[in-house]
Amino acid sequence: MVKIAVIGAGSIAWSTTLIRDLCVTPSLWKSTVSLMDINEERLNLCYSAARRYASEVKADLEFKKTTDRREAVKDADFVINTAMAGGHQYYEKMRKVSEKHGYYRGINSVEWNMVSDYHTIWGYYQLKLMMDIGRDLEELCPDAWLLLLANPVFEGTTLLSRETKLKVVGLCHGHLGYKEMAGIMGLDLKETEVESIGLNHVIWMTKFRYKEEDGYPLLDEWIEKKAEDYWKVWMRTQRNPFDLQMSPAAVDMYKRYGLFPIGDSVRGGTWRYHWNLETKQKWFGPTGGADSEKGWAIYLEWQRRGIENIAKRISDQSTPLTKVFPPRRSEESVVPIIESITTGSRGNYQVNILNKGMVKGIPDDVAVEVPVEIDRKGVHRMYSGGLPKRVMKHVMSLRIMRMEWALEAFLEGGRDLLFEWLIVDPRTKSNEQIEETINDILSLPENVEMKKHFK
C-alpha cells in the first residue's frame, strides 16, 4: 500500500495511539511504517509495542525502526512529524532564565501565544528541525504528504508551506474542545454541530447548531443561569489544568470579542488573564490553567508518570496490549486523513493550510485552521467567510504579527529582531533588561548555534 514515516516516534503516549489507529484500519494494511527517533530506548519500546499490537489484532502491517531520519523518509508517501527539538527540559531552562529577568512564563509568552510548549521566538532549533525534515522530503520523497503535529503548528505550517514545495497539512485536536462545552451544557453530541475558524490555538466558534437550530442562545442562557454555579464547584474541585473550555476566561473572551473560543484558544488571550499566578487562578481555576507555573508542573509530572506507566505496560509480556489499549480508533485525524488520501474515501477534517482566500482579511500565505474535505485528489478548500471586525483587529492581527516576527527572526537572524520582540513587551522596564535577558538565554550551553544565528 503506502510507506508512512514517523519522525519523533519515541513520543510513547502519542505513538501508541497512532499504532492502535493504524492497526484497526484494515484499508491501510500491507503498508510499511517506519518509526524514527534519536532516543533508541524509547524507539525500541515503541517498535516492540507496534509489533505486539499488530500481532494481537492480526494487522498486516510491516513496522521498521531507525535512528536515521533520511532512511525513514526515503520513498515515503506520508511523513508524520511529531518531534520536539531539545525536549521540554531545554525550554524550561530558557523559561527560568527569562523569569529571572522579569519575564513571567518566558519571553515566548505574549498576547494570544501563552501555550507553554508553543515555542516561537526562542524556537530556533525546532523551526530548524522542521526545515531540515522538509529539505529531506524534497530530496527523498518530493511527492509525500507532510503531516505536521509538532508545535508550533501555526508557525511551522506557514514556514514549510512558504519555503518548500511540499504538500503540508498541520494538525491539532484542540477543535474537539466543543465536545467538552456540549457535555457541560448537557447537550446531546449527536445533535450538536460546530464550526471553528481561525489560526491554530486561536480558533473561534463561527457556527453552533443544536437540533438544527442556532445554539448560541443556549450558550447565552447557560452563561446567564448556570455559569456561576458551575464555577463555584469548579473552583473547589478543579484538578485537571486543561479543564478550561467553560472557564471564566472563555466566557470573558466571548463577551469581549463576540465569538466563543474553542480548545487551546482559551489558554491564550492578552495579559488581562496572565499577569501572575493569582490572575491566572481567577480566570483559569485553582491550578492557574495549563500554562501557569503550577498547572504546567502538573502536566510535566503527568507526562513523566504517563511515560513510565505506558513503558511498564508495554514491557509486561503477560498482559495483552489490547487489554491496555482497546482496539478502537481514537479521535485523532492522522490515520483517517491518510486513509482518505490513499483509498479515495472523502472525509471532513479540521486542518491547518495556507489561507488562499478562505478567511477574509488574512493574507493568502498565512496558515489558517479551517474545515476541509480530503480524498485521493488531496485537500479541498470549502470555507469562505470572515470573522468579526473585533476578532480580526484585536486578536488575529496581533497573532499574525508575532508569527511573522518569529519567522523573520528564524530566517534572517540578527540580534535586533530579538530586541524588537521584547521592546514592545509590557513586562519590559528598560533596554538593559532586554540586553541582559538575551545575553543569558544565548549563553546557555545548548544555544551555541542559536547565538551565532542571532549575533
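Ratio of Rg to Rh for the chain: 0.95 [Cα atoms; Kirkwood radius as inverse mean 1/r over pairs].
Dipole magnitude for the chain: computed about the Cα centre from +1 point charges on Lys and Arg Cβ and -1 point charges on Asp and Glu Cβ, it is near 540 debye. Each Cα pair under 8 Å and six or more residues apart adds its sequence gap; the mean of these over the residue count of the chain is a relative contact order of 17 percent. Helical runs assigned H by DSSP (4 residues or longer) give the chain a calculated mean residue ellipticity at 222 nm of -14000 deg cm²/dmol, each run adding -39500 (n - 2.57) before division by the residue total.
Counted by Cβ distance under 12 Å from N44, the other residues give a net charge of 0, where Lys and Arg count +1 and Asp and Glu count -1. Against the empirical 2.2 N^0.38 Å (N residues), the stretch 175-291 has a Cα radius of gyration ratio of 1.01. How many angstrom lie between the Cα centre of the stretch 360-392 and the Cα centre of the stretch 163-237? First find each Cα centre; the distance between them is then 18 Å.
Bear in mind that the values in this text are calculations on the coordinates, not laboratory data. This structure is a prediction, so every number in the text was calculated from the model and none was measured. Cβ atoms come from the backbone with ideal geometry, glycine included; neighbour counts cover every protein chain shown.
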